[in-house]
1. If you take the residues in segment 241-274 that are of a type in the set (A, V, I, L, M, F, W, C) and closer than 19 Å to residue 325 by Cβ, which one is nearest to the ligand (Cβ to nearest atom)?
2. If you go through segment 283-301 one residue at a time, do you hit one that is among the acidic types (Asp, Glu) and within 16 Å of the ligand (Cβ to nearest atom)?
3. Across segment 220-243, what is the total count of residues that are loosely packed, with under 15 Cβ neighbours inside 10 Å and touching a residue at least 12 places away in the same chain (Cβ under 8 Å)?
4. Does residue 311 meet the test of being under 22 Å from residue 192 (Cβ atoms), under 32 Å from the mean Cα position of the chain (by Cα) and within 11 Å of the ligand (Cβ to nearest atom)?
5. Within segment 87-102, count every residue that is among the hydroxyl-bearing types (Ser, Thr, Tyr) and surrounded by 10 or more Cβ atoms within 10 Å (Cβ to Cβ).
6. Taking the stated definitions as given, is residue 279 among the polar types (S, T, N, Q), away from the ligand (no atom under 16 Å from the Cβ) and more than 18 Å from the chain's Cα centre (by Cα)?
7. Which pairs have Cβ atoms under 7 Å, sit 6 or more apart or on different chains, and link a residue in segment 175-187 that is in the same structural domain as residue 144 (by TED's automatic domain parsing) to one that is assigned to a helix (DSSP H, G or I) and among the aromatic types (Phe, Trp, Tyr)?
Amino acid sequence: MALLDSNEWQDLSGKLAAASTSVQVQELRAEWIGRRGRITLALKALSNLSPEERRQQGQVLNAAREQATRLIDERLEQLRQQEEDRQLLNERLDMTIAGVEPKVGLLHPLTRVRRLLEDLFLRMGFSLAYGPEIETTWYNFEALNIPENHPARDMQDTFFVDLPGMVLRTHTSPVQIRGMEAAAGSLPVKIIAPGRVFRRDDDATHAPMFHQIEGLVVDRGITLGDLKGTLVAMATELLGASIGTRFRPSYFPFTEPSVEMDVTCAACGGTGCRTCKGTGWVEILGSGLVHPVVLQNGGYDPQEVSGFAFGLGIERLAMRIFGLDDLRPLYQNDLEYLMAFDRYTGRPML
Ligand code: DAH
């Protein structure tokens, strides 16, 4: 009967060292000390020996079994430890890895400019007023002193709808009348009216639908000075303290006198270029003192009160603020284009 010799021990410890998984070690355990293992079988074969040999070799074999068991258990424990280390390493949280930025929506550039204006005028004490986009010809034209055959109607190529006496409003000015009616004779009337308007226009700087903000102040003793102070304050806050402003005589049926407000051209800074047709100025709004007939149509006595009004295009102001030369992409819902406004940092996000 062959005892375990040193070659066999080397075989076992070599194989244990080479085993890289606990399954491999369990296989070695079966091979050596399992029910049909080498040492187990040798122990069983002891009964064939003489009592003397049995005693002697029994001691050796029992010691061998103990040693093999210890070696196997040690290796198992080693591998278990290694596996645990590896797992801990894999599961380690690296707090320095950059996170995945969630996509966040943002306000449309036109909404931002509208909110800038609303915020500015609300701080000046104005309140918001609204009117319908499908408007009667009375509110859109007649009440504003634009009679049926007045040439001013040609200035605003109108969308008519299939309802007699109704149009898509061509400006936000009808809210002047509606605002005065809602105030029902109380003073002051101090409103701004943002909203959509519609005209038969379509090119790089005119869209058939665009946005205006109307302003109206009615009180005792309102003068052109109030108009100027309000609008210059607006321009300097929106476009910077260094902006130049000027007021030019103009004509609107619903104001008398009428003035247009210009600001220094953003492209050339006022020296004159293609954008401003060499003048150094660009027009940003129409305004004036409210025509007596308009006050009357709103239910106010022009002998007692006066007022000023203004109307400005939000798109035109947005083009100025964001430096755009074409407004059409603003309506094309190209997310890539619209998201780029996120990087515009010159102004707080409103
Ligand atoms: N409603 C005019 C337009 O759409 C703009 C305007 C001019 C509004 C003068 C006013 C004003 O309130 O006083 O072109």
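The values are calculated or read from the model by the stated rules, or taken from the named source; none is laboratory data. Owing to the predicted nature of the structure, the values given are computational and were not obtained by experimental measurement. Every residue, glycine among them, receives a Cβ derived from its backbone with ideal geometry; neighbour counts consider all protein chains shown. Remember, those area values only see protein heavy atoms, side chains included, never the ligands or the DNA or RNA. Shrake-Rupley method; radii C 1.70, N 1.55, O 1.52, S 1.80 Å.
1. Among them, the one singled out is 263.
2. For segment 283-301, residues among the acidic types (Asp, Glu) and within 16 Å of the ligand (Cβ to nearest atom): present.
3. 4
4. Answer is yes for this residue.
5. So the answer is 0.
6. In short, yes.
7. Hits for this filter: 177/139; 178/139.
Residue by residue, here is whether (1) in contact (Cβ under 8 Å) with a residue 40 or more places away in the chain; (2) over 29 Å from the mean Cα position of the chain (by Cα) holds:
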position: 88; (1), (2): no, yes
position: 114; (1), (2): yes, no
position: 127; (1), (2): yes, no
position: 138; (1), (2): no, yes
position: 146; (1), (2): yes, yes
